[in-house]
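Asker: First the structure, then my questions, so here it is.
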Amino acid sequence: MYALVVSETGIDGGRAWHVPVLMREVLATLSPRPGETVLDCTAGLGGHAARLGEAVGASGTVVVNDMDPAQAAAARARCEQIPNGPRVVMLAGNFVDAPRRLAEAGLSAGVVLADLGFASNQMSDPSRGLSFQGDAPLDMRLDPTLPASAADLVQSLPEAELAEIIRDFGEERRWRQVARKLVQERGASPIRTTARLAALVRAAVGPEAPGGSRIDPATRTFQALRIAVNDELGSLRSLLESVGRSASARRSGGGVTGGGGSWLAPGARVGIISFHSLEDRLVKHAFGELVDRGLAEHVTRKPLVATEGEVSENPRARSAKLRAIRLAD
Ligand SMILES: C[S@@+](CC[C@H](N)C(=O)[O-])C[C@H]1O[C@@H](n2cnc3c(N)ncnc32)[C@H](O)[C@@H]1O
C-alpha cells in the first residue's frame with residue numbers, strides 16, 4: 001500500500017501520505033493547457049497541483065493554496081520539483097481569500113480546483129485531533145491560527161447550538177442525546193481528548209439497530225465538529241459566490257475588484273471535489289444556477305465518482321464526487 005502511495009507522491013518523509021482522488025477525471029474535466037494559470041485552492045501535498053502543473057508547463061503558473069501552512073509548503077516544494085515546470089506561487093490561507101489575492105497578484109486562473117476536506121496525512125497526525133482512532137488532544141483546526149478548537153466548542157457552546165451542529169453538519173439522528181450527554185459530562189470534567197469524546201458519543205448513540213450503519217457511531221459527531229471548527233460550509237459558500245461574481249462581472253464587462261471579475265480567465269474551468277452531501281448540495285446548486293443564467297456550461301452534468309478499481313486502492317475515494325463547469329468566454 002505505502003509503495004503505491006510513495007510512487008504517487010514521489011516523496012516520502014516517513015509519514016502516511018495522501019493519495020489524490022479522481023486524478024484522471026480532474027485532468028480530463030479541467031483540461032489544463034500550456035501557459036495557463038492553475039489555482040489549487042486546497043493543494044494539500046500537491047498531488048493534483050503537480051499533475052496540473054506538468055500540463056501547463058514552463059509557460060504556465062501554478063498557485064498552491066492551503067489553510068494549513070505546512071501543506072501549502074509541501075505542495076509548493078512538490079511543484080517546484082517538476083522538471084521544466086511552471087512558475088509556482090504559494091498562498092497559505094483559507095481559499096475564501098484566494099480570489100482577492102490572485103487578483104491582487106495580477107493573475108487570472110484558467111483552471112481552479114478545490115478538493116475539499118482534509119488530507120490523509122492530517123488525519124493520521126495525532127496533534128490534529130481529527131481522528132477517533134487513538135487518543136489525542138481534541139483540536140481539529142486545519143489552520144492552527146483559528147481561534148477555537150473542537151474542545152473549546154464542546155466546552156463552551158450552549159446545548160442547543162451544539163445539538164444543531166451535530167444535527168446539521170453530522171446528520172446524526174440522535175443529535176439531542178449526544179448534545180445532552182456532552183453537556184452533562186463536560187460539567188463533571190472538561191472534554192479535552194478525542195478518545196473521551198468518542199466514548200461519550202458512542203454511549204449516547206447506543207448500539208445501531210440491526211441492519212443499521214456499520215460505521216463507528218462517533219464518525220458523524222467528529223465530522224460535525226470538524227466542519228464547525230473550520231467553517232467548512234461557510235468557506236465553500238464564499239468560494240462559490242466568488243466564482244459567481246466573477247462570471248457575472250465578465251458578462252457585464254466590469255467589476256475587476258478583489259473577489260470579483262478578474263481572478264477567473266474567460267472560459268475558466270472550475271472543479272470541486274466534495275466528500276459529503278452537505279458540500280455536494282451547495283456545489284450542485286451554485287453550478288446549476290450559473291448554467292441556468294447562461295454564465296457557464298456543465299463539464300460534468302452528473303458528478304463523477306471513483307471507479308471500483310480506484311476505491312479498492314484508495315478507500316477514501318469512495319465518497320468523492322467531482323463536479324465541474326466551464327465559464328463562458
Ligand atoms: C483533500 S486535501 C487535498 C489534497 C490535494 N488535492 C493533494 O493532491 O494532495 C484537502 C486540503 O484542503 C485544505 N483545506 C480545507 N479547507 C480549506 C479552506 N477553506 N481553505 C484552504 N485550504 C483548505 C486542507 O488543509 C487539506 O490540506
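Asker: Mind checking which aspartates and glutamates have their Cα closer than 19 Å to the Cα of K181? Skip sequence neighbours fewer than 8 apart in that chain.
Answerer: Within reach: D152, E159, E161, E164, D168, E171, E172, E208, D216.
Asker: Note the angle between two axes, namely the Cα long axis of helix 159-170 and the longest principal axis of the Cα atoms of the chain, as a number of degrees from 0 to 90, rounded to the nearest 10.
Answerer: Taking Cα atoms only, the helix is inclined about 50 degrees.
Asker: Can I ask one more? Along the range 229-242, what does the Karplus equation 6.51 cos²θ - 1.76 cosθ + 1.60 (θ = phi - 60°) give for ³J(HN,Hα), rounded to whole Hz, x for Gly and Pro?
Answerer: For the range 229-242, the Karplus-derived couplings read 4, 9, 6, 5, 6, x, 5, 5, 4, 5, 5, 5, 5, 5 Hz, x marking Gly and Pro.
Asker: Could you pull out every residue, at least 5 positions away or on a different chain, whose amide H is within less than 5 Å of the one on T37? Hs are placed 1.01 Å off N in the peptide plane, and Pro or chain starts have none.
Answerer: Amide H to amide H, under 5 Å and 5 or more residues apart or across chains, T37 pairs with T61, G110, V111.
Asker: Check cross-link reach from K321 to the lysines: straight Cα distance under 29 Å, and skip same-chain residues fewer than eight apart.
Answerer: K284, K302
Asker: At R100 and A199, where each label point lies 7 Å from the Cα along Cα→Cβ, what is the point-to-point distance in nanometres?
Answerer: About 4.5 nm separates the two model spin labels.
Asker: If you don't mind, another one. Could you tell me which of M23, V64, T42 has its Cα farthest along the dipole of the range 17-83 towards the positive end, charges placed at Cβ (Lys, Arg +1; Asp, Glu -1), taken about the Cα centre?
Answerer: M23
Asker: Could you give the dipole magnitude of the chain about its Cα centre, charging the beta-carbon of Lys and Arg +1 and that of Asp and Glu -1, in debye to the nearest 20?
Answerer: Dipole of the chain, to the nearest 20 debye: 480 debye.
Asker: Run the numbers for R214 and V311: contour at 0.36 nm per residue of separation, minus the present Cα-Cα distance, in nm.
Answerer: That pair, R214 and V311, stretches by 33.1 nm at full extension.
Asker: Can you give me the C-alpha center-to-center distance between the range 280-329 and the range 106-149, rounded to a whole angstrom?
Answerer: One Cα centre to the other: 22 Å.
Asker: A follow-up question, please. By count of other Cβ within 10 Å, fewest leading, how are W17, W263 ordered?
Answerer: Ranked by crowding around the Cβ, least crowded first: W17, W263.
Asker: With a 10 Å Cβ neighbour count serving as the proxy for reagent exposure, in which order, fewest first, do I165, I272 appear?
Answerer: I165, I272
Asker: Does the range 39-122 come out rounded, prolate or oblate, given a ≥ b ≥ c as the square roots of the eigenvalues of its C-alpha gyration tensor, rounded meaning a/c under 1.5 and, failing that, prolate meaning a/b above b/c?
Answerer: oblate
Asker: Order of S189, S235 from fewest to most other C-beta atoms within 10 Å?
Answerer: Lowest to highest Cβ neighbour count: S189, S235.
Asker: Could you tell me the distance between the Cα centroids of the range 57-100 and the range 172-240, to the nearest Å?
Answerer: 33 Å
Asker: What is the angle, in °, between the Cα long axis of helix 47-56 and the longest principal axis of the Cα atoms in the chain? Nearest 10 is fine, range 0 to 90.
Answerer: So the inclination is approximately 10 degrees.
Asker: Next up: Treating only the Cα positions of the range 147-229 as identical point scatterers, give the base-10 log of I(q)/I(0) from the Debye formula at each q in 0.11, 0.15, 0.18 Å⁻¹.
Answerer: The computed values of log10 I(q)/I(0) come out as -0.24, -0.46, -0.66.
Asker: Taking only C-alpha pairs under 8 Å that are 6+ residues apart, what is the relative contact order of the chain in percent?
Answerer: 18 percent
Asker: Write down Rg/Rh for the chain, rounded to two decimals, with Rg from the C-alpha atoms and Rh from the Kirkwood relation over Cα pairs.
Answerer: Taking Rg over the Kirkwood Rh, I get 0.98.
Asker: What 222 nm value per residue comes from the helices of the chain, counting each DSSP H run with n ≥ 4 as -39,500 (n - 2.57) and dividing by all residues, nearest 500 deg cm²/dmol?
Answerer: That comes out to -13500 deg cm²/dmol.
Asker: How big is the range 88-139 along each principal axis, measuring the range of its Cα positions in Å and listing the largest first?
Answerer: 45, 18, 17
Asker: Could you give the radius of gyration (one decimal) and Dmax (whole number) of the Cα atoms in the range 70-209, in Å?
Answerer: Over the range 70-209's Cα set, Rg and Dmax evaluate to 19.4, 60 Å.
Any read-out appearing in this document is the output of simple, stated calculations on the displayed coordinates, not a laboratory observation. This one's a predicted model, so the numbers in the text were calculated from it and none came from an experiment. Cβ: placed from backbone, ideal geometry, glycine included. Neighbour counts: every protein chain shown.
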